[in-house]
Amino acid sequence: MKTLDLTTTSLREINQALHQQSSEATEREWLITGAKGDHNIACGLDAAISVDIKGHAGYYCAGMNKSAHVVVHGNAGQGVAENMMSGTVRVKGQASQSAGATAHGGLLVIEGDAGARCGISLKGAEIVVGGNVGHMSCFMAQAGALVVCGDAGDALGDSLYETKIFVKGSVASLGADCIEKEMTQENLDYLTDLLNRAGVDEDPKSFKRYGSARSLYNFKVDNVSAY
Amino acid sequence: MCGIVGLYLKNPALESQLGELFEPMLIAMTDRGPDSAGFAIYGDEVEDGTKLTLRHEDENYDWEALAESARAELNAEVSFFQNATVAVFKMHCSAETATAYVEEKAPEVLILSAGHSIEILKEVGLPEDIAANFNLKGMKGTHIVGHTRMATESAVTMAGSHPFSTGEDLCLVHNGSLSNPNWVRTELERHGIKFETENDSEVAAGYLMHRLREGDSLNEALNNAMTDLDGFFTFAIGTRDGFAVTRDPIACKPAVLAETEDYVAMASEYQALTTLPGIEDAKVWEPEAAKIYVWERS
């Protein structure tokens, strides 16, 4: 394992060392110590390496992640794993707003709470939150899934496309075009598998499913005369 | 973009270190606000009388002459100490009498704050330089709120920097931008609130001042702000006994809170909290949208 200390090595050097692993992975395990809310830690990784971050991460930690497995042993600031393509990102503490924003693929696990706009414009990644999520989560989310083991804030899934949302606790309010949907066996199997992959011990049967009513983004034939 | 920091001590043993604990918090927010910085510190209470923070750009301004004439004309005890461009006056009279006297006799002097406990100090420049200029490190007190400014819509001037006084012992720091400041300013001017700048945060401060004068409690005033102020804001409000933190209902602008047995701290970003003692084990969380958090000595 290679250890890099943010108190003695610059963030730029650390990220550069991690980026160099994309052409030739010489070191599979990395430990970054001394994180004190620095922004952009372990951004833009493109290698099947594992990176453990000790301390709290600032904004955009593990953004644009591809293939790498990143664990934050603390809290993460806004935009953790934003635009992730693949790989996994795990936050042991809490995450601020816009966690997993626009993420295309991969798995983001937040063991604590996530702030507002979790999974905003989600494009295919899977997000599992151990605690609560804030307001406007999954706003305009297009694909992928959000699992909330606690409660969801206001306007959950507003203007939702095809992202699947599962919430165990209460939902303060549903956003426009987001409705509760039947939990089919197929959904249960998917949720069971996702919770297993996230390492979260919850009973899938205790969740409710929410999805798009599909009335906002489909063309309404009633409007045809307008064209 | 701007940075906000606040520190409220629960443990009186730390009061002698308030400035020392707070200075690195303010400096840590330089990236968010390198234009100007300021802080409102509470302590050194004047029980029977008024404390004014006065400012004149000339460090050689004759404060003694102003004190001397106030003593004679108000027939009241007046003492003061100077700190760079600012002088803190302690006057044995009401706040109304004290401010009216200074406004009339020394119109060239700006009144930054009035109350029993508050002192507002602010300038244009890097937070590090401003902290050194006012010797923040050596200051004692019970609580303090500060601001580092990156101006977006109005000029980089001392008058446009934060904190803004919102009444006796009250002040506001703001991160964000309002969308309806001109309309609100016009309304407030009708109610007699005066404005020094084109700054939207000054409008927010004026709004709170107006609501409090109308009889709102701090909680009510902030709740009304949620309706009447349109735009983005994270506010930290200093009061005589503590501070309050709130975010607009959309909560775009960041805020993080930390609490231990010794203190409650708030900052725009966690980076500003890392130098506090025991932060590793503090309860750290993000304040919810449209919720008002208040810590005050009972």
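Please verify whether A:Ala145 is more than 26 Å from A:Glu27 (Cβ to Cβ), in a loop (DSSP other than H, G, I, E, B) and more than 14 Å from every other protein chain (Cβ to nearest Cβ), treating the condition exactly as stated.
For A:Ala145, the condition - more than 26 Å from A:Glu27 (Cβ to Cβ), in a loop (DSSP other than H, G, I, E, B) and more than 14 Å from every other protein chain (Cβ to nearest Cβ) - is not met.
Kindly list, by first and then second residue, each pair from a residue in the stretch B:55-68 that is in contact (Cβ under 8 Å) with a residue 12 or more places away in the chain and farther than 21 Å from B:Ala114 by Cβ to a residue that is part of a loop (DSSP other than H, G, I, E, B) and open to solvent by less than 30 Å² (accessible area, probe 1.4 Å), limited to pairs with Cβ atoms under 7 Å and residues at least 6 apart or on different chains.
What qualifies is B:Glu59/B:Ala84; B:Glu59/B:Thr85.
If we scan the stretch B:169-188, do we find a residue that is within 23 Å of B:Ala40 (Cα to Cα), open to solvent by 20 Å² or more (accessible area, probe 1.4 Å) and under 13 Å from the mean Cα position of the chain (by Cα)?
yes
Determine whether the stretch B:3-21 contains at least one residue that is hydroxyl-bearing (Ser, Thr, Tyr) and part of a helix (DSSP H, G or I).
yes
Restricting the search to the stretch B:266-284, which residues are open to solvent by less than 40 Å² (accessible area, probe 1.4 Å) and within 13 Å of another protein chain (Cβ to nearest Cβ)?
Result: B:Ala267, B:Ser268, B:Glu269, B:Tyr270, B:Ala272, B:Leu273, B:Thr274, B:Leu276, B:Ile279, B:Ala282, B:Val284.
Can you tell me how many residues in the stretch A:101-142 are part of a strand (DSSP E or B) and open to solvent by less than 20 Å² (accessible area, probe 1.4 Å)?
Adding up the residues that qualify gives 10.
Could you grab me the full set of residues in the stretch A:74-100 that are open to solvent by 30 Å² or more (accessible area, probe 1.4 Å), away from every other protein chain (no Cβ under 12 Å) and not basic (Lys, Arg)?
A:Glu82, A:Asn83, A:Met85, A:Ser86, A:Thr88
What is the residue count in the stretch A:197-214 for residues that are open to solvent by 40 Å² or more (accessible area, probe 1.4 Å), assigned to a helix (DSSP H, G or I) and among the small types (Gly, Ala, Ser)?
Count: 1.
Return the pairs, sorted by first residue and then second, in which the second residue is open to solvent by 30 Å² or more (accessible area, probe 1.4 Å) and hydrophobic (A, V, I, L, M, F, W, C), the first residue lies in the stretch A:165-184 and is closer than 17 Å to A:Leu122 by Cβ and modelled with pLDDT of 95 or more, the beta carbons are less than 6 Å apart, and the residues are 6+ apart or on different chains.
A:Asp177/A:Ala213; A:Asp177/A:Leu216
Under the condition of being open to solvent by less than 10 Å² (accessible area, probe 1.4 Å) and touching a helix residue (DSSP H, G or I) at 6+ places or on another chain (Cβ under 7 Å), which residue from the stretch A:48-69 is nearest to the other protein chains (Cβ to nearest Cβ)?
A:Gly58
Considering every residue within the stretch A:159-168, establish whether at least one is within 10 Å of the chain's Cα centre (by Cα) and polar (S, T, N, Q).
Looking for residues that are within 10 Å of the chain's Cα centre (by Cα) and polar (S, T, N, Q), one finds none in the stretch A:159-168, hence no.
Give the stretch A:162-182 a look and list any residue that's over 17 Å from A:Ala143 (Cβ atoms) and among the polar types (S, T, N, Q), or say none.
A:Ser170, A:Ser173
Looking only at the stretch A:5-23, count how many residues are within 13 Å of A:Ile49 (Cβ to Cβ) and either open to solvent by 50 Å² or more (accessible area, probe 1.4 Å) or among the acidic types (Asp, Glu) (or both).
Number of matching residues: 4.
Out of the residues in the stretch B:252-265 that are part of a loop (DSSP other than H, G, I, E, B) and in contact with a Gly (Cβ under 9 Å, 6 or more places away or on another chain), state the one that is nearest to the other protein chains (Cβ to nearest Cβ). Please lay out each step first, then the result.
Residues of the stretch B:252-265 that are part of a loop (DSSP other than H, G, I, E, B), as a first pass: B:252-255, B:260-262.
From what is left, the residues that are in contact with a Gly (Cβ under 9 Å, 6 or more places away or on another chain) are B:252-254, B:260-262.
Working: B:Cys252: 8, B:Lys253: 10, B:Pro254: 7, B:Thr260: 15, B:Glu261: 20, B:Asp262: 19 Å.
Among residues in the stretch B:252-265 that are part of a loop (DSSP other than H, G, I, E, B) and in contact with a Gly (Cβ under 9 Å, 6 or more places away or on another chain), the one nearest to the other protein chains (Cβ to nearest Cβ) is B:Pro254.
The rows are residues; the columns are (1) touching a Gly at 6+ places or on another chain (Cβ under 6 Å); (2) under 23 Å from B:Leu14 (Cα atoms); (3) in a strand (DSSP E or B).
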residue: B:Val245; (1), (2), (3): no, yes, yes
residue: B:Ile250; (1), (2), (3): no, no, no
residue: B:Thr275; (1), (2), (3): no, yes, no
residue: B:Val284; (1), (2), (3): no, yes, yes
residue: B:Glu288; (1), (2), (3): no, no, no
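Tell me, yes or no, whether the stretch A:9-29 has at least one residue that is under 24 Å from the mean Cα position of the chain (by Cα), in contact (Cβ under 8 Å) with a residue 12 or more places away in the chain and part of a strand (DSSP E or B).
Yes, the stretch A:9-29 contains at least one residue that is under 24 Å from the mean Cα position of the chain (by Cα), in contact (Cβ under 8 Å) with a residue 12 or more places away in the chain and part of a strand (DSSP E or B).
I'm trying to understand the selection: among the residues of the stretch B:227-243, which are outside any loop (DSSP other than H, G, I, E, B), more than 14 Å from every other protein chain (Cβ to nearest Cβ) and touching a strand residue (DSSP E or B) at 6+ places or on another chain (Cβ under 9 Å)?
Of everything in the stretch B:227-243, those that are outside any loop (DSSP other than H, G, I, E, B), more than 14 Å from every other protein chain (Cβ to nearest Cβ) and touching a strand residue (DSSP E or B) at 6+ places or on another chain (Cβ under 9 Å) turn out to be B:Gly231, B:Phe233, B:Phe235, B:Ala236, B:Ile237, B:Gly238, B:Thr239, B:Gly242, B:Phe243.
Among (1) under 19 Å from B:Thr157 (Cβ atoms); (2) touching a Ser or Thr at 6+ places or on another chain (Cβ under 6 Å), where does B:Phe39 come up short?
Unmet condition: (2).
How many residues does the stretch A:55-90 contain that are outside any strand (DSSP E or B) and of a type outside the set (A, V, I, L, M, F, W, C)?
As a first pass, look at the stretch A:55-90 and keep what is outside any strand (DSSP E or B): A:58-65, A:67-68, A:74-75, A:77-87.
Going one step further and asking which of them are of a type outside the set (A, V, I, L, M, F, W, C), we end up with A:58-60, A:63, A:65, A:67, A:74-75, A:77-79, A:82-83, A:86-87.
The total comes to 15.
Test B:Ile193 against the stated conditions and say whether it is within 14 Å of chain A (Cβ to nearest Cβ), among the aliphatic types (A, V, I, L, M) and assigned to a loop (DSSP other than H, G, I, E, B).
no
Name the pairs: first residue in the stretch B:272-298 and free of Cβ contacts under 8 Å to residues at least 40 places away in the same chain, second residue of a type in the set (D, E, K, R) and not in a strand (DSSP E or B), Cβ to Cβ under 7 Å, at least 6 apart or on different chains?
Correct list of pairs: B:Gly278/B:Asp262.
Please determine, by comparing only the residues of the stretch A:24-47 that are within 14 Å of another protein chain (Cβ to nearest Cβ) and of a type outside the set (Ser, Thr, Tyr), which one is surrounded by the fewest Cβ atoms within 10 Å (Cβ to Cβ). Quick ask: steps written out before the conclusion?
Taking the stretch A:24-47 first, the residues within 14 Å of another protein chain (Cβ to nearest Cβ) are A:33-41.
Filter once more, keeping what is of a type outside the set (Ser, Thr, Tyr): A:34-41.
On the way: A:Gly34: 15, A:Ala35: 27, A:Lys36: 19, A:Gly37: 24, A:Asp38: 23, A:His39: 18, A:Asn40: 18, A:Ile41: 29.
In this case the residue turns out to be A:Gly34.
Working only within the stretch B:122-164, note down all residues that are of a type in the set (Ser, Thr, Tyr) and open to solvent by 40 Å² or more (accessible area, probe 1.4 Å). Write out each step before concluding.
Residues of the stretch B:122-164 of a type in the set (Ser, Thr, Tyr): B:142, B:148, B:152, B:154, B:157, B:161.
Across the stretch B:122-164, the qualifying residues are B:Thr152, B:Thr157.
The values are calculated or read from the model by the stated rules, or taken from the named source; none is laboratory data. None of the values given here were measured: they were computed from a predicted structure. All Cβ positions, glycine included, derive from the backbone under ideal geometry; neighbour counts span all protein chains shown. Remember, those area values only see protein heavy atoms, side chains included, never the ligands or the DNA or RNA. Shrake-Rupley method; radii C 1.70, N 1.55, O 1.52, S 1.80 Å.
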